[in-house]
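The values are calculated or read from the model by the stated rules, or taken from the named source; none is laboratory data. Because the structure is predicted, anything quoted here is derived from the model rather than measured. Here the Cβ positions follow ideal geometry from the backbone for every residue, glycine too, while neighbour counts run over all protein chains shown. Surface areas here come from the heavy atoms of the whole protein model, side chains and all, with no ligands, DNA or RNA. Shrake-Rupley method; radii C 1.70, N 1.55, O 1.52, S 1.80 Å.
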Amino acid sequence: MNRIVFLLFVLFSISICAQSAANAPDFRLTSGDNKTITLADIQGKVIICFYESKDTVKKNKTLKDALEDLRKGDGSDKNIFVLAVADCSEAKEPFIGLWNMALTDQSKKIGYRLYGDWDGRMRAAYSFAQKDSNFVIIDRNGKIRYRASGKVQDGKISEIKKLISELSAE
C-alpha cells in the first residue's frame, strides 16, 4: 500500500513539474538598423517569438498569418510583442553590412523590426534548432508557455491563438 501511495506521489510530482513554465533566458539582439532589444525591454507583454534562419522563414507562414490577424484584429496588440529573430550567426565580414540591409528591408515588408542573433547566444540559451523555424510564447512574467521547432501543425493554430488571447487578457 505504501508503495502505491509513493508511486502516485512521484507520478503526480512529475506531472506538476512537466506542466510548470520555465523562465525565459535573457537575450540581447540587434536589428539591421542597429537597435538593440533585451528580454527586460519587453517583459510585461506577451512575446510571440519566431526564431528562424533565412532558409526557413516561410515554414510557418500559415501560423504567422493567423497570429497577425490576432495581433492587429482585436486591439490587444498593446499587450503583445512580436519578436522576429533571424539567426545571423553565420554572417561574416565583409558580408555583415549586406545582412544588416536585408534585415532592415525585411522589417519594412513585415511591418515590425526584425532582429538578428549575431552570435548564436539566443539560439543556444533557448535550445532552438539550428536552420529550422522555432516558435516560442513567453508570458508577461517571463515564463515560456509554448515552444515548437519545425512546422507547427495547422491543427495547433487555434490552440495557440487561444493561449495568446488568454495571456494577453491577464
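Summary of computed values
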quantity: Test for residue 117: is it within 20 Å of residue 24 (Cα to Cα) and acidic (Asp, Glu); calculated: yes
quantity: Residue list for the range 31-41, restricted to those being open to solvent by less than 40 Å² (accessible area, probe 1.4 Å) and at pLDDT 95 or above; calculated: 37, 38, 39
quantity: Residue count, the range 1-30 (criterion: open to solvent by less than 90 Å² (accessible area, probe 1.4 Å) and modelled with pLDDT under 50); calculated: 6
quantity: Unique match (being part of a loop (DSSP other than H, G, I, E, B) and either in contact (Cβ under 8 Å) with a residue 40 or more places away in the chain or open to solvent by less than 70 Å² (accessible area, probe 1.4 Å) (or both)) among 46, 57; calculated: 57
quantity: Residue 92 within 13 Å of residue 57 (Cβ to Cβ), free of Cβ contacts under 8 Å to residues at least 24 places away in the same chain and not acidic (Asp, Glu); calculated: no
quantity: Residue ID - modelled with the lowest pLDDT, chosen from residues in the range 76-93 that are over 17 Å from residue 140 (Cβ atoms) and either part of a helix (DSSP H, G or I) or more than 14 Å from the chain's Cα centre (by Cα) (or both); calculated: 93
quantity: Flag for residue 134 being more than 15 Å from the chain's Cα centre (by Cα) and crowded, with 19+ Cβ neighbours inside 10 Å; calculated: no
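A quick yes/no check of all residues on (1) buried (at least 17 other Cβ atoms within 10 Å of the Cβ); (2) among the aromatic types (Phe, Trp, Tyr); (3) out of contact with any His (no Cβ under 8 Å at 6 or more places or on another chain):
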| position | (1), (2), (3) |
| --- | --- |
| 123 | yes, no, yes |
| 126 | yes, yes, yes |
| 145 | yes, no, yes |
| 156 | no, no, yes |
| 159 | no, no, yes |
| 164 | yes, no, yes |
| 167 | yes, no, yes |
| 170 | no, no, yes |
